[in-house]
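Q: Okay, handing you the structure first.
Values quoted throughout were computed directly from the atomic coordinates according to the rules given, and no laboratory measurement underlies them. Computed from a prediction, not measured in an experiment: that's the story for all the values here. Quick reminder, even Gly has a Cβ in these numbers, built from the backbone with ideal geometry, and neighbours come from all protein chains shown.
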Amino acid sequence: MKSKGFNAHNKYMILRHALKENNVSRTCELFGISRMTFYNWQRAYEKYGMMGLENKEPKKPQMPNKVSKAIEQEILSYVAKYPADGPKRIYYELRAEGFDIGETGIYNVLKRNNLTRKAQRIEYSMNKALHIKTKGKDDKVIPSFFNTQETYPGYLVIQRIDFMGTFDGIGKIYQYSLYDTTSKWGAVKLYNKKQDIDIWHYFEIKLVYLLKTFNLNIENLITEKEKTFLPYFVKGNKYKEIIENFHINHVFISPENDTVLDDMRTFNEFLVTEFYNKIDLNSNLDSFIKVERELNKFVRQYNFYSVISDGCNLGKTPVEVILERASQNNADLDTLPLWISALINSSKRSDKNE
C-alpha cells in the first residue's frame, strides 16, 4: 500500500506498532513506507495530534509570475512614459517602487498586450499621449517624512552613483557617494568596472562599522533614482536586510527633485572641482588604485578639517558635529579606533595653531 493511501487512523496504528515493536525499520518494511514518511507522520502527530495525520488537500501551485490587475496597470503606465525600456529595465524600476514582480511576469504582461517589441511600445505610448495629460517635469515630490527643522546627523542621508569619466592611464571611474545633510559628512567608494558596483557590500562593511563606532543611526535614507544605475541599488536582497535590520526609512527620489538633493549635488561638485579636475595635473596618479587611495585621503581631510559655512553647525567641522551627536547618544569616545582618535587630535591641534 502506498503511503498516500493511508488515512489518519491507519497512520496512528502504524506509529503505535513501531512504538510497541521498538523497531522503525521493520515497521516501515512491513507496511511499505519509507522511514522519511514515518518520521514525517511522527512529527505531525507530536505537534498536532490526530489532526496532523489527516490527509491534506494539495496546495494550489504558486504562480510567482501571475500579475494582478493593479500591477499590470503600473507596467502599462510605465511603458506609456518610457516605451524604449524592456522587461529588465521595467523590473528594476518597479522594484525600486516596492512592487514584487519578476521579469518573466512583466514580459507576460507585455506579450498579452502586444508590447514585446520596442516599436509596439512606442506606438502604444504615442496613442496614450493623445488621451492622457501627464505631469510636467517641474513638479517636485517632497517626501512626506522630510522636516527641515530636524538637524541631527543621520536624520537625512543621501546616496547616489555617478560616472565620473574616463581618465588617461587610469580608465573609467564610477563613484558611489553617501552624504549626511546635517553634519556634511561624506563617504565615497570608487569602482573601475560597472559590473563590480556593489554598494550594499560597502555599506555593510564600512558605513555600518562607522555607525556602530559612533553609536549613530540613519533615520531616513534617500537614493537618487538615476535610471542608469538603478539596478545596482535594487538587485539582490542585501539592501532589504540592511534597511530592515537598522530600521531605516528608505525611499527613491527622481533626480529632478532639486529641493531635497541639492546638498548632495554641492558635495559632488566640490569633489569634481577640487579633486577629479586635478587628476591630469598630478603625474603620480597613474593608476586606479592610486586615485582611489588619494581620493580617500582627500575625503578624510574634508570630513576632519573643512569648516561648515552655513546652517546651524556654522563654523564646525563635519567630524565635530558627528562627535557631538555621538556624545548625546552616550557613545564611549575613549574607545574609538586609534586612526579616528589620531585624526580627531590632529584636527584639534590644527585649530589651535590657526
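Q: Report the trypsin sites (Lys or Arg not before Pro) located in the stretch 70-123 that are in a DSSP loop and have at most 15 other Cβ atoms inside 10 Å of their Cβ, or state none.
A: Working: sites: Lys81, Lys88, Arg89, Arg95, Lys111, Arg112, Arg117, Lys118, Arg121; in loops: Arg117.
Those satisfying the criteria are Arg117.
Q: May I pose another question? Within the stretch 168-272, report the trypsin sites (Lys or Arg not before Pro) that DSSP leaves as loop and that have at most 10 other Cβ atoms within 10 Å. Kindly include the intermediate steps, with their values, before the conclusion.
A: Numbers: sites: Lys172, Lys184, Lys189, Lys193, Lys194, Lys206, Lys212, Lys225, Lys227, Lys235, Lys238, Lys240, Arg265; in loops: Lys184, Lys193, Lys225, Lys227, Lys235.
The qualifying sites are Lys193.
Q: Looking at the stretch 242-304, which GluC sites (Glu not before Pro) are DSSP coil and have at most 13 other C-beta atoms within 10 Å of their C-beta?
A: On the way: sites: Glu244, Glu256, Glu269, Glu274, Glu292, Glu294; in loops: Glu256.
Taking the stretch 242-304 and a limit of 13 other Cβ atoms within 10 Å, the loop GluC sites (Glu not before Pro) found are Glu256.
Q: To check my understanding: the extent here is largest minus smallest coordinate of the Cα atoms along each principal axis. What are those three numbers for the stretch 156-353, in Å, largest first?
A: For the stretch 156-353, the Cα spread along each principal axis is 43, 41, 31 Å.
Q: Hey, how many Å between the Cα centroid of the stretch 235-254 and the Cα centroid of the stretch 169-212?
A: If you average the Cα positions of each part, the centres end up 15 Å apart.
Q: Taking 4 °C and 1.567 mPa s as the conditions, I'd like the Stokes-Einstein D for the stretch 3-53 in µm²/s, using the Kirkwood hydrodynamic radius from alpha carbon pairs. If you can, show how the numbers build up before the last one.
A: On the way: Rh = 10.7 Å.
For these conditions, the coefficient is 121 µm²/s.
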